[in-house]
Amino acid sequence: MSNKKPLNVAVVGYGFMGRTHSNAFKQVSQFFSLEHKPILKAVCGRNETNAKAFADQWGYESYETDWRKLIERKDIDLIDIATPNDTHAEIAIAAAKAGKMVMCEKPLGRTPTEALKMVEAVETAKVANMVWYNYRRVPAVTMAKQLIDEGKLGRIFHYRAKFLQDWTISKDLPQGGAGLWRLDASVAGSGVTGDLLAHCIDTAMWLNGDITSVTAMTETFIKERQHNLTGKVETVSIDDASAFLARFDNGSLATFEATRYARGHKALYTLEINGEHASIFWDLHDLHRLQYFDHRDEGRLRGWRSIHITDGDQPYMKHWWVPGLQIGYEHTFIHQAADFIEGLETGKPASPTFRAGLATDYVTDAVLASAQSRSWQDVKKA
Ligand code: SOE
């Protein structure tokens, strides 16, 4: 028998993100010493056969086919939203009103208007809340944050990020339905701006402070696609590619780019930061390495170091194996679950809270507005 306090979790959604979140809740108390242990109380999905199969596969105690049932249930403390973007606001607001803690997959809302209502709901109800921007919790990225906060880079001049994929190049790929809702603007809110650049923006503002203004361009390369749900050929309204320049509050300049049309790249999220004394580069395809250049090194030996982030004194790694042995993508979600639970226990909520998620939505909204108006846009403060 465990002497840990139960944290009764219900996950809404059993797709890709339903699996990453379920895995995080299942594994976190094995690897992190926390007072609370997540209990997989219920999974929810509209298709009963799939919901039941998912519950069996992952060891959930029960399943529901209507998320409203979860909100009514007294035996659930935390509602975790892992569904397509058009459902985030309604579920989160109802959950907060019922006094449940809420975790939500990114982006928080399809628009800042939706996201702001979600922020108001969790803040009024005073319930713990968090948005799953998992890449902050790649140990190498967390270490970049430590180095910047310690002042190792000095004044920051440049921030550069990109997120490249290639899975929508075929004109025969339909839009809508499982997985492909990301191509349907009415469900997703936007294309790569909200899906991929949102990750880059969240990490960037965490590492380098607020983004204050942007100028952007977007393009939709394939203008019509068959819709999986209606069977009709319909206009594509998402952005297939998006690139923008930005200014940060600290005076540094940035370039950001995302596309699903970069043949050969599957999930090439990279970031680079150039400071007065040092630079940092990180690449998701090589996620356990942090590239670091320090101008203060002795001249003869100066060069880029490729630091293998697997040692116990590097972020999160003492919870895993022995030095030199790596972890991967799924662990970033486990780290996020651990930080959320630790936040409950210490009373210091882990970031990104819904309010931080709103800040990212304000930037993506300014990017889309700038691309439309072909002008610089100031970013609202969350
Ligand atoms: C899109 O392909 C996607 O799955 C995003 O939705 C995720 O947020 C990103 O982490 C990987 O790519």
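The values are calculated or read from the model by the stated rules, or taken from the named source; none is laboratory data. What you see is a predicted model, and the numbers here were worked out from it, not measured in a lab. Glycine also receives a Cβ, built like all others from the backbone with ideal geometry; neighbour counts cover every protein chain displayed.
Go through region 298-355 and give me each residue that's touching an Asp or Glu at 6+ places or on another chain (Cβ under 7 Å) and surrounded by 16 or more Cβ atoms within 10 Å (Cβ to Cβ). If the condition is that a residue be touching an Asp or Glu at 6+ places or on another chain (Cβ under 7 Å) and surrounded by 16 or more Cβ atoms within 10 Å (Cβ to Cβ), then Met317, Ala350, Pro352 are the ones that fit. Taking (1) in contact with a helix residue (DSSP H, G or I) (Cβ under 8 Å, 6 or more places away or on another chain); (2) assigned to a helix (DSSP H, G or I); (3) farther than 21 Å from His199 by Cβ; (4) not aliphatic (A, V, I, L, M) in turn, Glu120 satisfies each apart from (1).
For Thr212, the conditions (1) among the polar types (S, T, N, Q); (2) surrounded by 21 or more Cβ atoms within 10 Å (Cβ to Cβ); (3) in a strand (DSSP E or B) all hold with the exception of (2). Among the residues making up region 308-328, those that are in contact (Cβ under 8 Å) with a residue 60 or more places away in the chain and either at positive phi or not in a loop (DSSP other than H, G, I, E, B) (or both) are Tyr316, Met317, His319.
One residue stands out among those in region 259-281 that are within 15 Å of the ligand (Cβ to nearest atom) and out of contact with any Asp or Glu (no Cβ under 8 Å at 6 or more places or on another chain): the one that is nearest to Leu153 (Cα to Cα), which is Leu271. Contact map, region 289-301: first residue over 18 Å from Glu276 (Cβ atoms), second residue among the hydrophobic types (A, V, I, L, M, F, W, C), Cβ cut-off under 6 Å, separation 6 or more or different chains; pairs are Leu290/Ala140; Leu290/Met143; Leu290/Trp282; Leu290/Ile307; Leu290/Ile309. The residues of region 75-104 that are touching a His at 6+ places or on another chain (Cβ under 7 Å) and either more than 16 Å from the ligand (Cβ to nearest atom) or among the charged types (D, E, K, R) (or both) amount to a single one, Asp80.
Is it the case that region 100-109 has a residue that's assigned to a loop (DSSP other than H, G, I, E, B), surrounded by fewer than 16 Cβ atoms within 10 Å (Cβ to Cβ) and outside the structural domain of Thr332 (by TED's automatic domain parsing)? Within region 100-109, not a single residue is assigned to a loop (DSSP other than H, G, I, E, B), surrounded by fewer than 16 Cβ atoms within 10 Å (Cβ to Cβ) and outside the structural domain of Thr332 (by TED's automatic domain parsing). Report, by residue number, each residue of region 127-150 that is assigned to a loop (DSSP other than H, G, I, E, B), closer than 18 Å to Ala356 by Cα and away from the ligand (no atom under 16 Å from the Cβ). Passing the criteria: Val127, Ala128.
Among the residues of region 145-152, are any modelled with pLDDT of 95 or more, crowded, with 22+ Cβ neighbours inside 10 Å and in contact with a helix residue (DSSP H, G or I) (Cβ under 6 Å, 6 or more places away or on another chain)? No, that holds for no residue. Within region 173-211, the set of residues being of a type in the set (Phe, Trp, Tyr) and within 28 Å of Leu147 (Cβ to Cβ) comprises just one member, Trp206.
When His277, His308, His335 are screened for being within 18 Å of Gln27 (Cβ to Cβ) and of a type outside the set (Asp, Glu), only His335 passes. Looking across region 194-204, just one residue is more than 12 Å from the ligand (Cβ to nearest atom) and in contact with a helix residue (DSSP H, G or I) (Cβ under 6 Å, 6 or more places away or on another chain), and that is Ile201.
With respect to the conditions (1) part of a loop (DSSP other than H, G, I, E, B); (2) over 18 Å from Val127 (Cβ atoms); (3) away from the ligand (no atom under 16 Å from the Cβ), Tyr63 falls short on a single one, namely (1). Contact map, region 126-153: residues that are of a type in the set (Gly, Ala, Ser) paired with residues that are more than 16 Å from the ligand (Cβ to nearest atom), Cβ distance under 6 Å, separation 6+ or inter-chain. Pairs shown: Ala128/Met101; Ala128/Leu344; Ala140/Leu290; Ala140/Ile309; Ala144/Ile280. Of the residues making up region 106-136, those that are in contact with a Cys (Cβ under 9 Å, 6 or more places away or on another chain) and farther than 21 Å from Ala185 by Cβ number 4.
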